[in-house]
Structure formats: C-alpha cells, structure tokens
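The next block holds one structure in the form of structure tokens; read it before the comments.
The values are calculated or read from the model by the stated rules, or taken from the named source; none is laboratory data. Predicted, not measured: the structure shown is a model, and the values here were computed from it. Cβ placement follows ideal geometry from the backbone for every residue including glycine, while neighbour counts extend to all protein chains displayed. We work out accessible area using only protein heavy atoms, side chains counted, and drop any ligands, DNA or RNA first. Shrake-Rupley method; radii C 1.70, N 1.55, O 1.52, S 1.80 Å.
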Amino acid sequence: MDIEYRGENCIVIKYKKTVIVVDPTSQSSAKEVNNPETIILLTKANPWAEGQKGFLVNMPGEYEHNDISIKGIAAHLHTDEGGNNATMYRLEFDGVRLAVIGHTDAPLEDDDLEELGIIDIVVVPVGGGGYTLDARDAVSIVRQISPKVVIPTHFAESHVKYEVPQEPIDEFVRTMGGNHEKSNSFKVKGQNSLPESLTVMELARTA
C-alpha cells in the first residue's frame, strides 16, 4: 500500500491495481478520479467529486469494489448543528487497518470507536478555523483510537487557497508530540513495516 497527499483533505491510496481517492476537489490534483475503476471516498457532500467517473462511496454502509472492503460509519459533520451528515471510513489492506476520520467532531462516541475497531493508521484533518478539526481536537481523536501512524491533512499550504484560514501543520505536530517523520509518500508492507510507537507522518503534497 502506498499513500500520497494531494492537498486539502485529499489522499490517494494505491494498493496492487486499485486506486482509492479520498475527498478530491478541483484544487487537489487527483486526476485518478477520471478513471471509472478508481474508488472515490467522500467524508461529506462534494458536488464536484460526485460528478467524476470513479466508483463513488459517499455514505455509511459496507461496500466491495475491486476486492476492497470499505466500511462507512455515520458521523456528525463539524459545521452542521444537526444530524449525522459526515462519514468516517475503515479500510483494511493485508491486515493493516486504516481509518479516514474526515470533518467530524471530537471526541468520538463509544459507538464510533466500536465501529472503527483496532486501527493502525489514522488520516485526520488538523487545520481548524471552525471548518474542521483543529490541532487539539485532532490529537484527542488520535489518542482515543491509539494508532501506530497518523497522517495529518487539511492544514495551511501556500499553494492552496482555503475559504477559511487553516492552522499550519506545526501546531498539530507540537500538540501531538512523539515521533515525527517527513516523506513524499508512506509505503506500507504489512504490520511489520509499521513503526513500534506512534508516529506523525507528514506527507509532502504531490501532483
């Protein structure tokens, strides 16, 4: 499994012949969404992404596509005062369990944690500004889940114009503490390739 960061809340997961794109937008450089075989996961409504060619998953439930099992879990959207209008996701690749948190609230409920189960890698937005989780709330969710790796997204970047100003990634790294590594992508080859202690994996934005 290979994970790349494309800006905003968008990551691209490549596993064997399958490509999964999370929360693509017109700014996030994810051309893979034009392929009908690409799986597109949305953590909240996104009309631009919903109009692309990939296999769309945008609500809670259990899905199978290209031998990939996906579990969508209802969550409360950070900017919405009523209802569960966001979706978290749990995926598994060769025994490595990954969670995509998206724009939800902190802390997670006990039912959410039970639905997620044991998780090795967490992808979580950290930029705050009232739009999404800020550093403090993102850290609280990571500590609830206790993964081995956390991949932060949706932080301030000079080449991305956010409607709401976002905090720099440094704020999350300081608040989280522990190990911090930087890379162009995160490659995982089973459980044995994961770090022994919690590591913040800061991925450089790729085109």
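To the nearest 0.05, how large is the calculated FRET efficiency for ILE118 and ASN66 if R₀ is 30 Å and r is the Cβ-Cβ distance? Intermediate results must be reported in sequence, preceding the final value.
On the way: r = 24 Å, r/R0 = 0.80.
Given R0 = 30 Å and the Cβ-Cβ separation, E is 0.80.
Report the calculated FRET efficiency for ALA45 and ASP111 (r = Cβ-Cβ distance, R0 = 22 Å), to the nearest 0.05. Walk me through the numbers before you get to the answer.
Numbers: r = 23 Å, r/R0 = 1.02.
It comes out at approximately 0.45.
Order of 121-129, 181-189 by packing, highest average Cβ count within 10 Å first? Please report the intermediate quantities before stating the final value.
Values: 121-129: 24.9, 181-189: 13.7.
Answer by packing, highest mean first, reads 121-129, 181-189.
How big is D for segment 88-181, in µm² s⁻¹ as a whole number, if Stokes-Einstein is applied with the Kirkwood radius of its Cα pairs at 10 °C and 1.306 mPa s? Mind dumping the intermediate values first?
On the way: Rh = 13.5 Å.
Roughly 117 µm²/s, to the nearest whole number.
Computed FRET efficiency, Cβ-Cβ of SER183 and THR79, R0 22 Å: what is it to the nearest 0.05?
0.10
To the nearest 20 debye, what charge dipole does segment 59-140 have about its Cα centre, counting +1 at the Cβ of each Lys and Arg and -1 at the Cβ of each Asp and Glu?
On the way: 4 positive and 17 negative charges, 58 e Å.
With only Lys, Arg, Asp and Glu charged at Cβ, the dipole is about 280 debye.
Using per-residue counts of other Cβ atoms within 10 Å, averaged over each peptide, order 141-151, 160-170 from highest down. Walk me through the numbers before you get to the answer.
Values: 141-151: 19.9, 160-170: 14.2.
Ranking, from highest mean packing down: 141-151, 160-170.
Looking at the square roots a ≥ b ≥ c of the eigenvalues of the Cα gyration tensor of segment 133-207, which shape do they give, rounded for a/c under 1.5, prolate if a/b is larger than b/c, or oblate?
On the way: a/c = 2.36, a/b = 1.35, b/c = 1.75.
Verdict is oblate for segment 133-207.
Can you compute the modelled spin-label distance between ASN35 and ASN58, with each label point 7 Å from Cα toward Cβ, in nm?
2.2 nm
Tell me whether segment 1-46 comes out rounded, prolate or oblate; compute the Cα gyration tensor, take square roots of the eigenvalues as a ≥ b ≥ c, and use a/c under 1.5 as the rounded threshold. Don't jump to the answer; show the numbers that get you there.
Numbers: a/c = 1.66, a/b = 1.37, b/c = 1.21.
Prolate, since a/c reaches 1.5 and a/b exceeds b/c.
Could you tell me what percent of the accessible area of segment 104-207 is made up of carbon and sulfur, with a 1.4 Å probe and every protein chain present? Please report the intermediate quantities before stating the final value.
Working: 2400 of 5260 Å².
The C+S portion of the solvent-accessible surface of segment 104-207 is 46 percent.
Out of the DSSP beta bridges found with both residues in segment 51-207, what percent are antiparallel (nearest 5)? Please report the intermediate quantities before stating the final value.
Numbers: 17 of 32 bridges.
The antiparallel fraction comes to roughly 55 percent.
For every other residue with a beta carbon closer than 12 angstrom to the beta carbon of ARG90, add +1 if it is Lys or Arg and -1 if Asp or Glu, then tell me the sum.
Local net charge: -4.
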